[in-house]
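Report on the structure given below.
The values are calculated or read from the model by the stated rules, or taken from the named source; none is laboratory data. All values reported here derive from a predicted model rather than from experimental measurement. Cβ: placed from backbone, ideal geometry, glycine included. Neighbour counts: every protein chain shown.
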Amino acid sequence: MNNQADFTIDTIEVVVKGKGKYQVNKGTPVGELCASLQKDHPYQIVAVIINNTIRNLHYRLQNDCAMELVDMSKAAGLRIYNRSVCFLLVKACRDLFPGRTLMVKHTLSNGLFCEFLNQETNDNEVEQIQERMREIVELDLPINHYLVENEEARRIFSRQGQEDKLKLLRYRDKEGTHVYELDGLYENSYGHMVNRTGMLKKFKLLYHPPGMILRTPEIDDIELVKPYRVQPKLAMIHGEAKDWAEMLEVPHVAALNEMIVKGKIDDLIRVNEALHEKKIAYIADMISRNPSIRVVLIAGPSSSGKTTFAQRLLIQLRVIGRRPVSISLDNYFIDRELTPLDEEGNYDFDSLDALNLELFNDHLSRLVKGEEVEVPIYNFKTGCSEECGIKMKVPPGEVIILEGIHALNDRLTWSIPPANKFKIYISALTQLNVDYSNRIPTTDTRLLRRIVRDNRTRGNTALQTIRQWPSVRRGEEKNIFPFQESADVMFNSSLVYELAVLKMYVEPLLECIDNDCPEHIEASRLLRFLSYFRGISSNNIPPNSILREFIGGSWFE
């Protein structure tokens, strides 16, 4: 009887989605159960979800629960895997080159660009680093996880000589710091990692002057590491972002927080905005110097600031004596019932075939010739065009500005010869790191922008925006990113200070997502990330700033 009672107390039941029920000892690490399930699971398991909260493999099971496996086929799982491989890379570099600091910078094409602080590497060193990474994987070392007090975390990073992490903890507004440890090297992270290096077999390192490209599997094929796709124009604009960050003396969040605390943020805002204005003026000059350019095409992913950029470019063209006109592609939608459907059977308004391409190209070619056309007015309530449109004519020799997700796709403007087109790609390519080894994904910045804007302009909750985001991202992969290298020039709409502003708007919206919603996982991740920032007021942000497109108060609304 007593033995039976002990069994009841010491064991718990775990229902694993898609697998069945399991009896485990109370206090068992999740990783032990997942290891037993791995042989019958097609993908590498890297974490679990319990009560809409993502848990790493170190988490100890205490109560009966329902559990969902997080593997590399899911976006959250791939993030955990990539973060863990980055830690592996940092460890290998520390082992081989203890006097150097590795910076994990940004995505570049289908890889992650990394470089040493103030020192170039070479092909031989990169090969050594990759070999050391593989050695650590073969050793199958534990990656330990600890939640420590902030003071203890400061002592750890002080011993490792990591000033960037020390400064970051100085301004963090949360108690307790999550740290991971691999063979004596400690790392802080605002996301989870795997629990053993033996799980990190899929990666490749490529020499890419002045640093290296780390490649891991992608969500569309997690079984292999794809060849690197060279994108020189994107690499160039990332180089410009690096130059701007160095000029502004804000390489990471700790430096930004220090500017805020010391009262230097207003000056930083002015200089950062001036850099944007200077680049837009430069692009306007490029257009004006080429008399053959008649159509300016602006494309970029969601929440990149296309609308404000287009308006500011139009003003800069007028400053130098030009008289440009702009056309909204929204007025060329076909009737709603004729709109193509997506994979889920819903109207696909992002499809290029949702536009009346024949009419649009007829109008565009006639406008370039100096003829007058009647631009339709699309009624979004009725789902069709009004009977009467708006008469439009372009001054002789002037340019037409078009902004939209398909602008770089030549199918949109097939009637215009390439020599008469000027293509601009715009995106918020974040130039700021959390610290040297933790980057800020560009997609996170754009998602936060969109949450704030859609709540303000459409009344959407953060829950609705997060729920729609995967569909938005799929559309970008299909309709925007394949054409970005065809651009004549790229513009980085990111502002080094913007996350400190967005924090004040987006935190209350994210906190409204209940923990009984699956989207609570993403909301928690974003809130944890934002906790490293000191918030600032938007009072001193100029009304023509791209950030105003999202937080409100723009001249162009």
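Restricting 21, 91 to residues that are crowded, with 21+ Cβ neighbours inside 10 Å, among the basic types (Lys, Arg) and not assigned by TED's automatic domain parsing to the domain that holds residue 436 narrows the list to 91. Give the number of residues within the range 511-536 that are within 20 Å of residue 271 (Cβ to Cβ) and crowded, with 19+ Cβ neighbours inside 10 Å. The total comes to 2.
Residue by residue through the range 257-302, note down the ones that are of a type in the set (D, E, K, R) and either within 21 Å of residue 431 (Cα to Cα) or outside any helix (DSSP H, G or I) (or both).
Keep residues of the range 257-302 that are of a type in the set (D, E, K, R), which gives 258, 262, 264, 266-267, 270, 273, 277-279, 285, 289, 294.
Matches in the range 257-302: 258, 262, 264, 266, 267, 270, 273, 277, 278, 279, 289, 294.
The set of residues in the range 537-552 being assigned to a helix (DSSP H, G or I), crowded, with 22+ Cβ neighbours inside 10 Å and over 17 Å from the mean Cα position of the chain (by Cα) consists of 549 alone. None of 144, 195 is touching a helix residue (DSSP H, G or I) at 6+ places or on another chain (Cβ under 8 Å) and either surrounded by fewer than 14 Cβ atoms within 10 Å (Cβ to Cβ) or polar (S, T, N, Q) (or both) except 195. Could you check, for the range 516-525, whether at least one of its residues is closer than 30 Å to residue 423 by Cβ and among the hydroxyl-bearing types (Ser, Thr, Tyr)? No. Looking at the range 303-316, can you tell me whether even one residue there is in a loop (DSSP other than H, G, I, E, B), touching a residue at least 40 places away in the same chain (Cβ under 8 Å) and surrounded by fewer than 21 Cβ atoms within 10 Å (Cβ to Cβ)? There is no residue in the range 303-316 that is in a loop (DSSP other than H, G, I, E, B), touching a residue at least 40 places away in the same chain (Cβ under 8 Å) and surrounded by fewer than 21 Cβ atoms within 10 Å (Cβ to Cβ). Scanning the range 295-331 for residues that are closer than 15 Å to residue 283 by Cα and among the charged types (D, E, K, R) gives 306, 312, 318, 322. Residue 203 passes every criterion in (1) farther than 27 Å from residue 228 by Cβ; (2) modelled with pLDDT of 95 or more apart from (1). Residue 413 meets all of the listed conditions (1) closer than 21 Å to residue 479 by Cα; (2) over 27 Å from the mean Cα position of the chain (by Cα); (3) surrounded by fewer than 20 Cβ atoms within 10 Å (Cβ to Cβ); (4) not hydrophobic (A, V, I, L, M, F, W, C) but one, namely (3).
Tell me the residue from 382, 339 that is loosely packed, with under 14 Cβ neighbours inside 10 Å and either of a type in the set (Val, Ile, Thr) or in the same structural domain as residue 477 (by TED's automatic domain parsing) (or both), please.
Answer to the selection: 382.
Within the range 399-439, the residues that satisfy the criterion of being small (Gly, Ala, Ser), in contact with a strand residue (DSSP E or B) (Cβ under 9 Å, 6 or more places away or on another chain) and modelled with pLDDT of 90 or more are 407, 427, 428, 437.
If I go through the range 392-410 residue by residue, how many of them are of a type outside the set (Lys, Arg), in a loop (DSSP other than H, G, I, E, B) and more than 34 Å from the chain's Cα centre (by Cα)? It would help to see each step written out before you state the result.
Of the residues in the range 392-410, the ones of a type outside the set (Lys, Arg) are 392, 394-410.
Then keep just the ones that are in a loop (DSSP other than H, G, I, E, B); that gives 394-399, 404-410.
Next cut, more than 34 Å from the chain's Cα centre (by Cα) only: 394-398.
Of the residues in the range 392-410, 5 are of a type outside the set (Lys, Arg), in a loop (DSSP other than H, G, I, E, B) and more than 34 Å from the chain's Cα centre (by Cα).
Scanning the range 272-311 for residues being modelled with pLDDT under 95 and among the β-branched types (Val, Ile, Thr) gives a total of 1.
Taking residue 274 as the residue in question, decide whether it is of a type outside the set (Phe, Trp, Tyr), under 30 Å from residue 319 (Cβ atoms) and under 18 Å from the mean Cα position of the chain (by Cα). Quick ask: steps written out before the conclusion?
Working: of a type outside the set (Phe, Trp, Tyr): yes; under 30 Å from residue 319 (Cβ atoms): yes; under 18 Å from the mean Cα position of the chain (by Cα): no.
Considered against the rule, which asks whether it is of a type outside the set (Phe, Trp, Tyr), under 30 Å from residue 319 (Cβ atoms) and under 18 Å from the mean Cα position of the chain (by Cα), residue 274 comes out as no.
Can you find a residue that is over 20 Å from residue 524 (Cβ atoms) and surrounded by 13 or more Cβ atoms within 10 Å (Cβ to Cβ) anywhere in the range 50-60? Lay out the reasoning, then the answer.
Narrowing the range 50-60 to residues over 20 Å from residue 524 (Cβ atoms): none.
No: the range 50-60 contains no residue that is over 20 Å from residue 524 (Cβ atoms) and surrounded by 13 or more Cβ atoms within 10 Å (Cβ to Cβ).
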